[in-house]
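The values are calculated or read from the model by the stated rules, or taken from the named source; none is laboratory data. Note that the structure is predicted; figures quoted are calculated from it, not measured. Cβ placement follows ideal geometry from the backbone for every residue including glycine, while neighbour counts extend to all protein chains displayed. Heavy atoms of the whole protein, side chains included, go into the accessibility calculation; ligands, DNA and RNA do not. Shrake-Rupley method; radii C 1.70, N 1.55, O 1.52, S 1.80 Å.
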Amino acid sequence: MNIDAIQLRSVTRKFGTGRTEEAVTALDSVTLGFPRGTFTAVMGPSGSGKSTLLQCAAGLERPTSGSVRIGGTELTALSERGLTLLRRDRVGFVFQAFNLLPSLTAEQNVALPLRLAGRRPAKSRIREVLTQVGLADRARHRPPELSGGQQQRVALARALITRPEVLFADEPTGALDSRTGHEVLRLLRAMVDTDGRTVVMVTHDPVAASYADRVVLLVDGRVHDEVAAPSAQTVAARLATLETARPINFRPESAPC
Ligand code: ADP
Ligand code: MG
């Protein structure tokens, strides 16, 4: 059964008033499904709408038009409060810059989403997620005492503490060297294979994309192409044809007459 954990229908996101020359269509009528228990990599040139896609799919941004569903829930119909609860309880998000609080220990950072929800986090649960990311012995360390890879694994543990059904990661390995990047990618893969979560990750790196089940390629805010069962080689080749086919961001209507 193909049940989409996340479903986007004709999602458009514009920035600016629409009346000025600077109005930008970051996403242009994107329709995409993310089947439950799969790992998708989102790729495309800088400015092609990858981050906007993730933010709209995760309920961090509201689309200008279109429909976004997580499970059976229509996000665009939710109030701000409803969106906040959905993000807190059902969605995990990991950023390139880790976004940990430097003055808190690893276990305090991991516990934060539950504390913010007014819940008392069980010590055993914190230990469980830190063990899952291989950092049980670093629970009392603060971010400045951890390597980049370890910090990103703390961020992953923090995203997992609420047992979200979907996890979004925007260039999670962008600030890491390739060895620690692989550790993070293996963990993302295991979240899909072992825990049945749905993972959507933005990346520039064809090797990172090869951990996914599918690559979605965005160009100018539209789905340009998809690659199933991607290898680093096929993804790199697809990106290369994209770059030689035409200058990125070329828009005929903006060319001088
Ligand atoms: P990517 O992640 O692929 O680099 P983004 O989704 O960040 O692309 O951006 C897509 C387009 O939307 C870009 O032209 C960017 O400048 C524009 N954009 C993104 N966020 C905003 C914003 N908050 N305000 C104005 N323009 C934005
Ligand atoms: Mg981006």
Taking the condition within 13 Å of ligand 2 (Cβ to nearest atom) and in a strand (DSSP E or B), does Leu32 pass?
no
So which residues in segment 162-193 are of a type outside the set (Ser, Thr, Tyr), open to solvent by less than 30 Å² (accessible area, probe 1.4 Å) and under 12 Å from the mean Cα position of the chain (by Cα)?
Val166, Leu167, Phe168, Ala169, Asp170, Pro172, Leu188
The residue from Ser29, Ser51, Ser65, Ser10 that alone is closer than 20 Å to Ala159 by Cβ, in contact (Cβ under 8 Å) with a residue 12 or more places away in the chain and open to solvent by 40 Å² or more (accessible area, probe 1.4 Å) is Ser51
Matching residues, segment 45-104, being of a type in the set (A, V, I, L, M, F, W, C) and within 16 Å of ligand 2 (Cβ to nearest atom):
Leu53, Leu54, Cys56, Ala57, Ala58, Leu60, Phe93, Val94, Phe95, Ala97, Phe98
Note: among Leu112, Leu101, just one is touching a residue at least 24 places away in the same chain (Cβ under 8 Å), surrounded by fewer than 13 Cβ atoms within 10 Å (Cβ to Cβ) and closer than 19 Å to Arg142 by Cβ, namely Leu101
Condition set open to solvent by 10 Å² or more (accessible area, probe 1.4 Å) and either free of Cβ contacts under 8 Å to residues at least 40 places away in the same chain or hydrophobic (A, V, I, L, M, F, W, C) (or both), scope segment 194-205, selection nearest to ligand 1 (Cβ to nearest atom): answer is Asp205
Tally time: how many residues in segment 175-206 are within 16 Å of ligand 2 (Cβ to nearest atom) and at pLDDT below 95?
1
Against the condition in contact with a Lys or Arg (Cβ under 7 Å, 6 or more places away or on another chain) and over 15 Å from Phe93 (Cβ atoms), how does Leu146 come out, does it pass?
yes
